[in-house]
Structures are given as structure tokens and as C-alpha cells.
Amino acid sequence: MPSIMDNFNISLTEAGILASTFTLLTIFTGVFVGNTMSKLGIKRLICFAMLLSLIGSLIALIVNNYIGLVSGRALEGIGLIIMMIAGPTAVSLFTDDITRAKHTGFWSAFMPLGTALSFLMAPVMLSIGGWQGLWSFSVLVSLIALIAASLWIPNDLNRATLGLDKTLLKKTFRTSTLIWIGCVFAVHSLVFHIILQFIPVYGTTSLGSSFSTVSYIVAGYCLLNVCGNFLAGNAIHRGIRPYRLMSIHFMAVPVLAVALFFPDIPDVVRFIALIIGAFFTSLTPSAAFTLIAKLTKKKSEIPAFNGLMLQVQGAGILFGPSLTGWAVETFDSWTAAGFVLIFASVLVLIIINSKIRSVDLST
């Protein structure tokens, strides 16, 4: 983000818009993608998702302006929503009820694991080729993933057909719990992306840290986030209720927000809070996907249910970073970012205990 802001002379708010554009279509298409997934085929959709990621990165490189960056990110966003629905659906289809939570924990680590890789690569690639170097790396990774998916994922047995299952669509929209789980997931994404997108700017401009130092710290946060996803999956496997993990997650966020963004906090405390917080701010994905699998009567409903939940979740990524960037610039203080996280966490804790807890206990 600092490299792009300098290169294109854009504001923090515009940078936040760019960073969140990849979820633009998520809030409009999620449930419809999930509804058609069983008819189109898991392998076909995963390969299509990787192809969109590849094309989106190429567009950004070729056009080489802000509009090109935003357009490329939008295509990547379509690919992301497909992958986020296809991934847990595949896990649910090929695992049994006993081991599903454990495997879901592994799947849920895809975002922090990939992000950690990008932050580890960022200092090297930026020194070689600027932001274009990172986008070129994205092209390479997307191409490798596309080839791997085409070679290793079993072929779809059905012929690809288009069309919506209207009965399933109505049932999906009537399951209000999906909306509330989506709201919780949205704030989880808000926390994750505020740390990813703004800590590099905050660390280099306000704390005086080098970009390499900040990148490696955020990469460490993401890798520990991966461990948190594994722990969450195993905790659910051992009988811990998903809503409890969500509650622990959002009781930890306000503490992390104060440590990171409030003034006069020693840097060593900020660092320790970020590292410890990584374990607690990764408990929601496994819990959310496990809860949705519990809500379905049959496995064919899982993609549509996941789609609606992720459709709501997309709003957290789309609007959260932009709102946070606006708050920081309006109040001319990074403390505003801390208050955004605290307020959002309080709302989520209310949702978990009033809307999700009873459903979890009854399943």
C-alpha cells in the first residue's frame, strides 16, 4: 500500500477502496454462485477462480493506472468468492461429520497462510520491481494454482449446466442465522484487513519502523493466525461450541485495538499484543463454516448457505477498510482505527449471544 500510494499519489481512503475492491461483487453474487455450484461442478469453478485471479493481475500490470488496479481487483474478487464457497464445500463433501471440523480448521487457514507469503515476499519484490513485482508474483502463483487444480482435483462427474434452484434459494434467504453469522464473519474480516492494510502504513509513518520490519511482523501475525485456525478446528472437534470461540475472538479484539492504535503504548507491548492476538483473532472462520454445515439438512445445501454467509461477510472487507481510512483521516489520529474495532466488537458480541448462541446449542 505505501508503494502504491506513492506511485499513484492517492489518499489513504482511496488506497482502502483499492484494497477492498476485490470483494466488490461478493456482496451481490455469493448466494447465487453457491446456488449453482452443484450444477457447474467444483473443479470447473475452482479452475475458473484461478483463471480470474490470473487475468485480474495481468490487467493491473498492463493498464498500469489506478483504474486498472481497481478493475483487476474486482476480477480477483469474483475468483475469491468462488474459492471461498468451493473450498469449504469440497471439505464438507469429502469428510464425515466426526472429522469435518478438524479439516475445516485447515481449510480456514488459507487466507492468513497466503497473506503471510505475500508479506514475506513484499520487501524482496518491492526492492526489485516495485508494486509491479508483487503483481507479477501474483500472476505466477495464480498460474501455478490453475495448473495444479486442473491436474490434481478429480474431474466433475456431472455435465455443467446453468440455472438456479429456486426452492433452495428461498430456503437460503429464509435462514436468518446465515445473515447473523455473516455479520460476525464480516467484522472478523474487518479486523484482519485493518491489520494487513493499515499496520504497514501506520508502522512506517507513525511509529518510524522500516517497511521490512513491519512486513515481517505482519507475516508473523498471519502465520500465527494459521495456528489459531488449526486450534479452532481441533477445539470444535473436541466438543467446544463454535459460538464460544467466536465470543473469545471478539473479547480479545478490543484489547488488541487499544494496544495497537492508542497513544503512549510502548512498541514492545504493541508487538506482544499483535503476536498473542493472532491466536485469538482467527477463531471465527472454522466456527462459522462448522455452524453452517450443522444448519444444513443435506450436503447439497452447503454451497448456497456458505454463499449467503460470505455475501454478508464481503461487506466487512468492502466497507470496513474504507471506513477506517476515512475515520483516521477525518480525526487525524490512528486512535480512530482502534475505536472502529472496539465498537464493531461490541456489536458482534451482542449478535453472538442474542442470535447465534441458541441456534448453536440446539444443533
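The values are calculated or read from the model by the stated rules, or taken from the named source; none is laboratory data. Fair warning: this is a prediction, and the values are worked out from it, not measured in the lab. Because the Cβ atoms are built from the backbone with ideal geometry, glycine has one as well, and the counts that use them run over all protein chains shown.
Considering (1) among the aromatic types (Phe, Trp, Tyr); (2) over 17 Å from the mean Cα position of the chain (by Cα); (3) modelled with pLDDT of 80 or more, say which one residue 32 fails and leave the rest.
Evaluating residue 32 over (1) among the aromatic types (Phe, Trp, Tyr); (2) over 17 Å from the mean Cα position of the chain (by Cα); (3) modelled with pLDDT of 80 or more leaves (3) as the failure.
Out of the residues in segment 288-298 that are touching a residue at least 24 places away in the same chain (Cβ under 8 Å) and over 14 Å from the mean Cα position of the chain (by Cα), state the one that is farthest from residue 99 (Cα to Cα).
295
Being under 15 Å from residue 47 (Cβ atoms), at pLDDT 85 or above and among the hydroxyl-bearing types (Ser, Thr, Tyr): is that true of residue 138 here?
No; evaluated as a whole, the condition is false for this residue.
If you take the residues of segment 144-170 that are β-branched (Val, Ile, Thr) and in a loop (DSSP other than H, G, I, E, B), which of them is nearest to residue 38 (Cα to Cα)?
Top of the filtered list is 161.
Consider residue 264 against the criteria (1) charged (D, E, K, R); (2) on the phi > 0 side of the Ramachandran plot; (3) touching a residue at least 60 places away in the same chain (Cβ under 8 Å): it satisfies all of them except one. Which criterion is unmet?
Going through (1) charged (D, E, K, R); (2) on the phi > 0 side of the Ramachandran plot; (3) touching a residue at least 60 places away in the same chain (Cβ under 8 Å) one by one, residue 264 breaks only (3).
Are there helices (runs of 4 or more DSSP H) fully within segment 299-363 with at least 3 residues that are over 17 Å from residue 242 (Cβ atoms) and either modelled with pLDDT under 85 or under 21 Å from the mean Cα position of the chain (by Cα) (or both)? List them. Full working, then the answer.
Working: elements: 302-331, 335-351, 357-362.
Where helices (runs of 4 or more DSSP H) fall fully within segment 299-363 and carry at least 3 residues being over 17 Å from residue 242 (Cβ atoms) and either modelled with pLDDT under 85 or under 21 Å from the mean Cα position of the chain (by Cα) (or both), they are 302-331, 335-351.
Just checking, which of 148, 122 is among the small types (Gly, Ala, Ser) and modelled with pLDDT of 85 or more? Talk me through it step by step, then tell me what you get.
Working: 122 fails: modelled with pLDDT of 85 or more.
None of the others qualify; the one that does is 148.
Which members of segment 204-215 meet the condition of being in contact with a helix residue (DSSP H, G or I) (Cβ under 6 Å, 6 or more places away or on another chain) and either in a helix (DSSP H, G or I) or at pLDDT 75 or above (or both)?
204, 211, 212, 214, 215, listed by residue number.
Checking the conditions here, which among 149, 122, 145, 109 is hydrophobic (A, V, I, L, M, F, W, C) and over 28 Å from residue 216 (Cα atoms)? Lay out the reasoning, then the answer.
Numbers: 122 fails: over 28 Å from residue 216 (Cα atoms); 145 fails: over 28 Å from residue 216 (Cα atoms); 109 fails: over 28 Å from residue 216 (Cα atoms).
After ruling out the rest, the residue left standing is 149.
Working carefully through the options 201, 187, find the one that is under 21 Å from residue 14 (Cα atoms), among the hydrophobic types (A, V, I, L, M, F, W, C), at pLDDT 80 or above and part of a helix (DSSP H, G or I). Spell out the reasoning first.
Working: 201 fails: at pLDDT 80 or above.
Residue meeting the stated conditions: 187.
Given the conditions (1) surrounded by 13 or more Cβ atoms within 10 Å (Cβ to Cβ); (2) farther than 29 Å from residue 63 by Cα; (3) in contact (Cβ under 8 Å) with a residue 24 or more places away in the chain; (4) not charged (D, E, K, R), which single one is not true for residue 95?
Unmet condition: (3).
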